[in-house]
Every structure is written in C-alpha cells, then in structure tokens.
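What follows is one structure encoded as structure tokens, with my remarks underneath.
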Amino acid sequence: MNIFETQYELIRRSRESLFTYCESMSSEDYLKKIDPFGGISIPALHTHVADGYRVWLGNRALGKSIPKVNSRSIVNVENMREVFKDTDELVYEFLKEFKDRWDPTTKASWHSSSAEQTELWLFTHTTTHEYHHRGQIVKIGSHLGYVPPKLNLPKPL
C-alpha cells in the first residue's frame with residue numbers, strides 16, 4: 001500500500017468514529033436543520049463532503065460523470081455509510097490512477113480546463129475539506145446536547 005492509501009485508510013477509520021457518534025443521536029436530531037448553522041443538517045454536511053470527493057477526484061481528475069448525492073435521500077447513518085462506501089471506491093481508484101504522479105510542480109491533466117491543480121493538491125484539498133466539515137458536524141452535535149467522544153486520528157494498524 002502506498003503512503004496516500006495508508007493516509008486515506010486513517011481518514012476512513014476516523015470517519016467511522018464520527019458515524020458512531022452520529023448514531024448516538026436521535027433520528028430527529030440527526031436530520032434536524034440547525035438555524036444557528038445556516039439551517040444545515042448533519043446529512044447535508046456529510047453529503048457535501050462526499051460530493052467534494054466526487055466532483056474533484058471523480059469528475060475533474062478521472063473524467064467521470066458522477067451525480068451529486070441528494071442529501072434528502074439520507075434518513076439515517078447507515079444510508080450515509082453507503083454513500084461513503086462508493087466514495088471510498090472512488091478515492092482508491094483516484095489513488096491507483098495517479099499512484100506515481102504526485103510531483104507538486106506538475107499540473108493535473110484534467111478533463112475540465114476550468115482550473116489547474118496538481119493531483120497532490122486535489123487529494124489534500126478533498127481530505128482537509130472533510131475534516132473542516134467534520135468539525136462542523138461535531139459542533140452541531142454539541143449544540144444539540146451530544147458530548148462528542150475523542151475523535152483523534154486513529155493509530156495505524
């Protein structure tokens with residue numbers, strides 16, 4: 001396994017901790033749109049993260065036509081896990097495709113010419129984007145009265 005696959009595996013395992021936290025919430029709270037957070041729900045934030053991977057890695061880098069996830073179709077954490085199973089497959093496909101092309105000075109040859117970034121930038125952007133929204137999800141949970149567990153990056157296996 002290469003270093004980026006190992007890194008993504010840690011991210012994936014960390015995401016599982018967040019899913020477990022979300023399962024501690026009532027179904028009503030999990031789906032609730034929170035006014036102090038712009039009227040957004042936890043599933044909406046999670047689907048936004050999945051869509052980030054789909055757009056940046058799938059559509060732009062791999063040239064796939066992948067539709068966005070409809071957050072309204074998510075009614076529980078298990079649905080969200082299914083969304084991320086597909087997302088994980090996409091990320092691993094991206095990592096395999098660009099396995100030896102991580103040079104920070106070489107621009108990605110995208111199927112879209114709207115921006116020029118490197119494969120390293122694409123991977124870094126999507127993973128840090130996930131952690132940004134993870135913090136928002138934990139903040140929403142705290143706002144709703146759920147005490148978050150330690151959600152540190154898991155230790156390597």
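Residues of the stretch 4-23 include at least one that is small (G, A, S) and modelled with pLDDT under 95.
Among the residues making up the stretch 31-66, those that are at pLDDT 95 or above, closer than 17 Å to F94 by Cβ and among the aliphatic types (A, V, I, L, M) are V49, A50.
Results for (1) part of a helix (DSSP H, G or I); (2) at pLDDT 95 or above, shown as yes or no for each residue.
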{"site": "Y92", "(1), (2)": "yes, yes"}
{"site": "K96", "(1), (2)": "yes, no"}
{"site": "K99", "(1), (2)": "no, no"}
{"site": "T105", "(1), (2)": "no, no"}
{"site": "S113", "(1), (2)": "no, no"}
{"site": "Q117", "(1), (2)": "no, no"}
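Listed by first and then second residue, the pairs with beta-carbon distance under 8 Å, at least 6 apart or on different chains, first residue in the stretch 116-142 and closer than 24 Å to P36 by Cβ, second buried (at least 19 other Cβ atoms within 10 Å of the Cβ) and among the basic types (K, R), are E130/R15; R134/R15. For first residues located in the stretch 67-86 and aromatic (F, W, Y) and modelled with pLDDT under 90, partners that are loosely packed, with under 11 Cβ neighbours inside 10 Å and assigned to a loop (DSSP other than H, G, I, E, B) and lie 6+ apart or on another chain with Cβ distances below 6 Å do not occur.
Go through the stretch 60-77 and report how many residues are crowded, with 20+ Cβ neighbours inside 10 Å and in a helix (DSSP H, G or I). Going through the stretch 60-77 one residue at a time, the tally reaches 3. Screening the candidates Y30, Y53 for the property of being touching a residue at least 24 places away in the same chain (Cβ under 8 Å), surrounded by 17 or more Cβ atoms within 10 Å (Cβ to Cβ), of a type in the set (S, T, Y) and under 14 Å from F123 (Cα atoms) yields one hit, Y53. The residues of the stretch 29-43 that are part of a helix (DSSP H, G or I) and either closer than 11 Å to Q136 by Cα or polar (S, T, N, Q) (or both), listed by number, are F37, I42.
The values are calculated or read from the model by the stated rules, or taken from the named source; none is laboratory data. Remember, predicted model here, so these are calculated numbers, not experimental data. Virtual Cβ from ideal backbone geometry, glycine too; neighbours counted across all protein chains shown.
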